[in-house]
Amino acid sequence: MSIKSLIVGCVALLMAAALSACATPADDSAEAKAEFERTNDPFELPNRFIFAFNRAVDMAVLRPAAVFYRDWAPAPVKRGTRNVLDNLNEPVTAFNEFFQGDPVRAGTTLARFVINSTVGILGIFDVATELGIEHTKEDFGQTLGVWGKGYEGGPYLMLPLLGPSNPRDAIGLVVDYFWDPFNIAFNKLDVEYLGYIRAGLSAVDGRSRTIEVLDDLERNSLDYYAAIRSAYRQRRAAEIRNEGTAGGKPISLQPAPGRADELAFIR
Amino acid sequence: MISRRAFVLFAALATIGGPAVASADPAGFVKDMANRAIGVLKDTSGGDAKKREAEFRGIFRDNFDIPEIGKFVLGIHWRNASAEQRSEYLKEFETYVVRTYAERLSEYSGEQLEVGRVQTQGEKNYVDSVIRRPSGAPPIRIVWEIEKAGGGYKVVDLKIENVSMSQTQRSDFSSYISQNGGKVEALIARLKQFNSR
């Protein structure tokens, strides 16, 4: 089974599971309905089931691997690995920046890619950042979010192995997979195993950076599933508005109409 | 795609985001308080953990609007709760929230917080800040939502990397309550159990 069929399979499975089991609001009051719509998790039962499965995999495999990597890999190795993975991602980011209507930013990202792939020796060294060209990351879920203003992504979906998502971001994952030039090349050249190595390293590297935050969230939440669901929505909304990171845009003060994830501002 | 108004606001406010002299402005307030809190949490091995915790609790009580946060976090269930339930909830919530904030912020213990731009909307101020990690890991962005209270300010929410503490806790509590028959007592009992941990 290839990564491609895994991703497509997961998404198809989820869409099917999603249609089969539906939750209902707590009672008939307007407030309960509003809360229900805000949560937007009609497939909570299958989602929780998959979440339990993902957590089991995480506890047994991913988290231990990430802890080992964090504690034992030398800092330059970790830095270099992250740089190579980021560099492989730049073409997809550039496509998305272009389709988000920002060709200048897309050009800058491509320039980063060229500099880091050559001077930075296959992306091991992030020379571009040192030259003052900052790293950005955009995916197709965000591109859809930019164009579908007011559309907050649809019902919450927990994808097997891939984690929290929604129809918008799940479609984004598939599109980004298919137009990634490295995935195309790996498949064409019959070196699909490189794709697995990349996916594995991405998973371990990414998880190694969320160990403390997720441990903390798990320890201090009453319903970890609900806390993750909320955090995921908030983060994605901010990423779509490009407010995600340090030095990013100032946060939006006025909630866009119909954006359930921004009700925090209303009170 | 910053709107013109937001840009003007930003430009106007950028001027008061400079070095803080006193806690009279939102940026100075956040800078003083946060660096004091993070300093207290600094893991000085051999130090008195109990004393540190008490100190943090003191800073938290003085600078955070705990009832306001608690009310928001309970969400739609606040209105339906009885007076006793409310006061009991707030009592347990205080212990809970001090602990969750302390644990979250202790991840950044001993590091310095740099305060950036301030945005104002009505009664609210949003103070942008950044914690730079010595390990070379990406810096952490924290936005402090503060309100005027008496002569000074009080924090009502923290957005760490764009995830609001209050909003996340609100979803968490709301889900816990609906998993337990829609009863606030279930949540209070759970908080009690949690706090006695």
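Values in this text are rule-based calculations from the coordinates and carry no lab data. What you see is a predicted model, and the numbers here were worked out from it, not measured in a lab. Cβ atoms come from the backbone with ideal geometry, glycine included; neighbour counts cover every protein chain shown.
Amide H contacts under 5 Å for B:Gly116: B:Asp128, B:Ser129, B:Val130, restricted to partners 5 or more places along the chain or on a different chain, H placed in the peptide plane at 1.01 Å from N. In this label model, B:Glu123 and A:Arg235 are separated by 3.2 nm, measuring between points 7 Å along each Cα→Cβ vector. Applying both filters, DSSP loop and at most 16 other Cβ atoms within 10 Å, to the chymotrypsin sites (Phe, Trp or Tyr not before Pro) of region A:115-180 gives A:Tyr151. Taking amide H as placed 1.01 Å from N in the peptide plane, B:Phe64 has its amide H under 5 Å from the amide H of B:Val155, each at least 5 places away in sequence or on another chain. In region B:48-137, Cα pairs under 8 Å separated by at least six residues give a relative contact order of 18 percent. When you filter the GluC sites (Glu not before Pro) in region A:120-204 for DSSP loop state and at most 15 other Cβ atoms inside 10 Å of their Cβ, you are left with A:Glu134. Between region B:79-126 and region B:142-196, the alpha-carbon centres lie 7 Å apart.
Of the Cα atoms belonging to region B:53-148, the radius of gyration and Dmax stand at 15.9, 50 Å.
Here the Karplus curve 6.51 cos²θ - 1.76 cosθ + 1.60, taken at θ = phi - 60°, turns the phi angles of region A:67-74 into couplings of 5, 4, 4, 4, 8, 10, 6, x Hz, with x standing for Gly and Pro.
Among the trypsin sites (Lys or Arg not before Pro) in region A:91-184, those placed in a DSSP loop whose Cβ has at most 13 other Cβ atoms within 10 Å are A:Lys149.
Non-local lysine pairs in region B:67-197, meaning eight or more places apart or on different chains, with alpha-carbon distances under 20 Å, amount to 15. Per-residue shielding of A:224-230, expressed as the average number of other chain Cβ atoms within 10 Å of the residue Cβ, stands at 6.
What shape does region A:161-216 take by its C-alpha gyration tensor, where a ≥ b ≥ c are the square roots of the eigenvalues and a/c under 1.5 counts as rounded, a/b above b/c as prolate, and the rest as oblate? Walk me through the numbers before you get to the answer.
Details: a/c = 3.64, a/b = 1.48, b/c = 2.46.
Verdict is oblate for region A:161-216.
Here's how it looks for B:Ala149: its modeled amide H is under 5 Å from those of B:Lys154, which are all 5 or more places away or on a different chain. Per-residue shielding of B:73-85, expressed as the average number of other chain Cβ atoms within 10 Å of the residue Cβ, stands at 1.
Using a 10 Å cut-off on Cβ to Cβ distances, tally the other chain neighbours for every residue of A:119-130 and report the average as a whole number.
The mean count of partner-chain Cβ atoms within 10 Å per residue comes to 0.
Among A:222-235, A:40-53, sorting by the average number of other beta carbon atoms lying within 10 angstrom of each residue, highest first, gives A:222-235, A:40-53. Take the Cβ-Cβ distance between B:Leu90 and A:Ile211 as r, set R0 to 35 Å, and report the resulting FRET efficiency rounded to the nearest 0.05. The computed FRET efficiency comes out at 0.60.
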